[in-house]
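> Below are the structure tokens for one structure; questions will follow.
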Amino acid sequence: MDGRKKQAVGERNGVLSKERPEATGRRSARLRLRAAWMYYVEEMTQNAIAETLGIGRITVVRLLADSRALHEVKISLSRSVADLPRLERGLEKAYGLKEAVVAPLSAEDADPTAAIGAATGQFISDFVKPNMRLGVGWGRTLLNTLDFVDEKPVPGLAIVSMLGGISAVRQYNPAEFAWQFSRLFQADCYLIAAPALVDSLETKRALIERCGIGPVFEMANALDAVLFSVGGISRSSTSYLFGYFSEEDRRSLIESGAAGDLLYSFYDSAGRMIDHPLNERVMGVGIDQIRGTPHRILTSGGAEKVDAMRAAILMVQPTVLITDEVTAAELLRLDESHSADVPTD
């Protein structure tokens, strides 16, 4: 193996040794890590790295120089650290992502919610910009991001909730995410003042057309970015736990081929919306609107969600995926399995 192959990235997620003041910041640290990994491990050219990361070639040169100066490039790399960028790059290539963020876990069977929440909070803190319109979903994963978001004013930022709320709160209210999230940035917040699920399509139309909710749905057509998670179809899903769906509903959804839900819109394992009456009664932004948004950030994880996540990725083609290392490995395994099943000429 040549010398360039033997070298690899030494530190992870901005945990640096002797970091210089001008090189601080999670985003710059992450860019350095990605650039160094692509250059030293994948042997990409500097021009190819610049194109992949959406930066100039001179910036790539500086990132590589900084990485060496900060001792982030070393002769060897422990497997536990090396696996994270390997998984990220694997996901990006397999699913056509602009960026993947993989959070480490303390143990393979650990609950990944907190780790994914931390990674999401850090990512979104650097992502939001003035005058941005950001649509958000809600759920346990997103609620866990709040403790890791940098609290700072962002002028002109508008947070748009993409799903109605819940009426029965059990210890915590994941539907409050949009409001709590917007307060961290001193941003305007626009809510869908209706239940997440209504009794009929007629009620949904009446609420949108005659009860003042229409403008929020119209804002969803001009979002700059969306932040959302996916739900599984198991009894541990947030929608089931909060009583929106009965056991009879859940079984009916499974019989109709449901693999998971995105904003309570249920889809099958191929990422296609299923034919089920519940999909007509959801007070939420449609899948087509999400798919048409420039920046689509999917954050989820857990063994019970892997199939639902893969289907959601196929359906909305997120630009960014944030997950944990165990789920990432399973998503790559699923991709390889499905690729092997495709007949070749």
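> Only Lys, Arg, Asp and Glu count, each charged at its Cβ (+1, +1, -1, -1), so figure out the dipole size of the stretch 87-341 about its Cα centre, rounded to 20 debye.
Numbers: 22 positive and 34 negative charges, 129 e Å.
I would put it at about 620 debye.
> Whole Å is fine, so just give me how far the alpha carbon centre of the stretch 267-336 lies from that of the stretch 130-169.
19
> By average Cβ neighbour count within 10 Å, what is the ranking of 211-217, 154-160 from highest down? Could the numbers behind the result be given before it?
Numbers: 211-217: 14.3, 154-160: 18.4.
Averaged packing, sorted descending, gives the order 154-160, 211-217.
> Provide the FRET efficiency to the nearest 0.05 for the Ala69-Asp109 pair, computing r from the beta carbons and using R0 = 56 Å.
0.90
> Between their Cα atoms, which of Lys98/Lys305; Lys93/Lys129; Lys98/Lys152; Lys129/Lys204 are more than 31 Å away from each other? Please list the in-between numbers first.
Numbers: Lys98/Lys305 22 Å; Lys93/Lys129 27 Å; Lys98/Lys152 26 Å; Lys129/Lys204 33 Å.
Violating the 31 Å Cα-Cα cut-off are Lys129/Lys204.
> Go ahead and collect, in residue order, the members of the stretch 211-234 whose backbone nitrogen is under 17 Å from a label point 7 Å along the Cα-Cβ direction of Gln317.
Only 225-226 fall inside the zone, counting backbone N under 17 Å.
> Calculate the spin-label point distance for Glu280 paired with Glu304, positioning each point 7 Å from the Cα along the beta-carbon direction, and give it in nanometres.
Here the modelled spin labels are 3.0 nm apart.
> Please grab the % of Cα pairs in the stretch 216-333 that end up more than 24 Å from each other.
Values: 1596 of 6903 pairs.
For the stretch 216-333, the fraction of Cα-Cα distances above 24 Å is 23 percent.
Since every read-out is calculated from the coordinates, none of them should be taken as a lab result. None of the values given here were measured: they were computed from a predicted structure. For neighbour counting, all protein chains shown are included, and Cβ atoms are generated from backbone atoms with ideal geometry for every residue, glycine included.
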